[in-house]
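Engineer: I have a structure here, written as structure tokens, and I will follow up with some questions on it.
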Amino acid sequence: MSDLEILTVKDAQQLRVLRSRSRKVQGVTPKHAAFAQRMLETMRDAVGVGLAAPQVGVLQRFFVAEIPADEEDDQPAQTFILFNPEIVKAQGEQIGYEGCLSIPGYIGEVARRERITVKGLNEKGKPVRFKVEGYVARVLQHEIDHLDGILFTDKLTDPDTFQPVAVGQEEAAELEAAMAEDR
């Protein structure tokens, strides 16, 4: 069980932190890497797929994400720990439902880029670059937005798509909405 608290929009002081722009990490240290591991544990405990440092009260530019395996498309699970991430290329558009650990109990429809190239530093401070698309691109864009104080509710395609779901069921509701769109 993690000892980190996920900040939510329900608290005015926490909302101020969530709305703040994060500072660049000036060198990834073993302390940063250990903190990122604690964030992964916190994210898993909360049944999320991504968690940015500002969501646990740290205004530095890094996030963690863990994309589950997709057996249907023969894609393995992917874990990302990315410091100072930057989108260097973006193409296409996708529209889908998103939820957020900092806005528990709600989902909404958001437009994102379909394919992105992201560069940054890994937990050892080494440069990395990822070309991702679809759901993975959506998750990374969502987390990068957190580093700039942007919440998914700022990017809703239509305010009417913002809807309540059972707390802890946001990811399941996102998948259900995506499957309904494919039918």
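The values are calculated or read from the model by the stated rules, or taken from the named source; none is laboratory data. Everything numeric in this text was worked out from a predicted model, so none of it was measured. As a convention, Cβ positions derive from the backbone with ideal geometry for all residues, glycine included, and neighbour counts pool all protein chains shown.
Engineer: Collect the residues in the range 43-63 that are assigned to a strand (DSSP E or B) and of a type outside the set (S, T, N, Q), keeping them in residue-number order. Before you say what the answer is, go through the steps one by one.
Structural biologist: Step one: of the range 43-63, the residues assigned to a strand (DSSP E or B) are 50-52, 60, 62-63.
Answer for the range 43-63, where residues must be assigned to a strand (DSSP E or B) and of a type outside the set (S, T, N, Q): G50, L51, A52, F62, F63.
Engineer: Among the residues of the range 38-49 satisfying the criterion of being under 21 Å from G125 (Cα atoms) and touching a strand residue (DSSP E or B) at 6+ places or on another chain (Cβ under 8 Å), which is surrounded by the fewest Cβ atoms within 10 Å (Cβ to Cβ)? Write out each step before concluding.
Structural biologist: Within the range 38-49, the first condition is being under 21 Å from G125 (Cα atoms), and the residues that meet it are 38-41.
In the following step, the residues that additionally are touching a strand residue (DSSP E or B) at 6+ places or on another chain (Cβ under 8 Å) were identified as 39-40.
Working: M39: 25, L40: 18.
Among residues in the range 38-49 that are under 21 Å from G125 (Cα atoms) and touching a strand residue (DSSP E or B) at 6+ places or on another chain (Cβ under 8 Å), the one surrounded by the fewest Cβ atoms within 10 Å (Cβ to Cβ) is L40.
Engineer: Taking the stated definitions as given, is E174 modelled with pLDDT under 95 and touching an Asp or Glu at 6+ places or on another chain (Cβ under 7 Å)? Step through it out loud before you land on a result.
Structural biologist: Working: modelled with pLDDT under 95: yes; touching an Asp or Glu at 6+ places or on another chain (Cβ under 7 Å): yes.
Spelling it out, E174 is indeed modelled with pLDDT under 95 and touching an Asp or Glu at 6+ places or on another chain (Cβ under 7 Å).
Engineer: So which residues in the range 100-154 are of a type in the set (K, R), touching a helix residue (DSSP H, G or I) at 6+ places or on another chain (Cβ under 7 Å) and surrounded by 19 or more Cβ atoms within 10 Å (Cβ to Cβ)?
Structural biologist: Selection gives R112 alone.
Engineer: Might you check whether a residue that is closer than 23 Å to D11 by Cβ and hydroxyl-bearing (S, T, Y) occurs anywhere in the range 34-45?
Structural biologist: The answer is yes; a qualifying residue exists.
Engineer: Looking at A77, A90, which one is within 16 Å of the chain's Cα centre (by Cα), surrounded by fewer than 18 Cβ atoms within 10 Å (Cβ to Cβ) and of a type in the set (G, A, S)? Spell out the reasoning first.
Structural biologist: On the way: A90 fails: within 16 Å of the chain's Cα centre (by Cα).
Of the residues listed, the single one that is within 16 Å of the chain's Cα centre (by Cα), surrounded by fewer than 18 Cβ atoms within 10 Å (Cβ to Cβ) and of a type in the set (G, A, S) is A77.
Engineer: Follow-up question, since we're still on this one. Got a sec? Which of E123, E109 is more than 25 Å from T8 (Cβ to Cβ), more than 14 Å from the chain's Cα centre (by Cα) and acidic (D, E)? If you could, list the steps in order and put the result at the bottom.
Structural biologist: Numbers: E109 fails: more than 25 Å from T8 (Cβ to Cβ).
Matching residue, one of E123, E109: E123.
Engineer: Just one of E109, E98, E66 is under 21 Å from R21 (Cβ atoms), assigned to a strand (DSSP E or B) and modelled with pLDDT of 95 or more; which is it? Explain how you work it out, then say what you get.
Structural biologist: Numbers: E109 fails: under 21 Å from R21 (Cβ atoms); E66 fails: under 21 Å from R21 (Cβ atoms).
The match here is E98.
Table: residues versus (1) touching a residue at least 40 places away in the same chain (Cβ under 8 Å); (2) within 19 Å of R19 (Cα to Cα); (3) touching a Ser or Thr at 6+ places or on another chain (Cβ under 8 Å).
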{"position": "T117", "(1), (2), (3)": "no, no, no"}
{"position": "I144", "(1), (2), (3)": "yes, yes, no"}
{"position": "I150", "(1), (2), (3)": "no, yes, no"}
{"position": "V167", "(1), (2), (3)": "yes, no, no"}
{"position": "A177", "(1), (2), (3)": "yes, no, no"}
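Engineer: Tell me which residues, restricted to the range 120-157, are within 12 Å of F62 (Cα to Cα) and in contact with a Phe, Trp or Tyr (Cβ under 9 Å, 6 or more places away or on another chain).
Structural biologist: In the first step, residues of the range 120-157 are kept if they are within 12 Å of F62 (Cα to Cα); the result is 120-123, 125, 140, 143-148.
Those that are within 12 Å of F62 (Cα to Cα) and in contact with a Phe, Trp or Tyr (Cβ under 9 Å, 6 or more places away or on another chain): G120, L121, N122, E123, G125, L140, E143, I144, D145, H146, L147.
Engineer: While we're here: Taking the conditions exactly as written (β-branched (V, I, T) and under 15 Å from V47 (Cα atoms)), does I81 satisfy them or not? Break it down into steps so the answer makes sense when it comes.
Structural biologist: On the way: β-branched (V, I, T): yes; under 15 Å from V47 (Cα atoms): no.
So I81 fails the test.
Engineer: Can you tell me which residue within the range 58-74, out of those that are in contact with a helix residue (DSSP H, G or I) (Cβ under 6 Å, 6 or more places away or on another chain) and either of a type in the set (A, V, I, L, M, F, W, C) or surrounded by 22 or more Cβ atoms within 10 Å (Cβ to Cβ) (or both), is farthest from E143 (Cα to Cα)? Lay out the reasoning, then the answer.
Structural biologist: Residues of the range 58-74 in contact with a helix residue (DSSP H, G or I) (Cβ under 6 Å, 6 or more places away or on another chain): 60-65, 67.
From what is left, the residues that are either of a type in the set (A, V, I, L, M, F, W, C) or surrounded by 22 or more Cβ atoms within 10 Å (Cβ to Cβ) (or both) are 61-65, 67.
Numbers: R61: 10, F62: 9, F63: 7, V64: 8, A65: 8, I67: 13 Å.
Filtering the range 58-74 for residues that are in contact with a helix residue (DSSP H, G or I) (Cβ under 6 Å, 6 or more places away or on another chain) and either of a type in the set (A, V, I, L, M, F, W, C) or surrounded by 22 or more Cβ atoms within 10 Å (Cβ to Cβ) (or both), the one farthest from E143 (Cα to Cα) comes out as I67.
Engineer: Of the numbered conditions (1) more than 12 Å from E123 (Cβ to Cβ); (2) outside any strand (DSSP E or B), F35 satisfies every one except a single condition; which is it?
Structural biologist: With (1) more than 12 Å from E123 (Cβ to Cβ); (2) outside any strand (DSSP E or B) applied to F35, the lone miss is (1).
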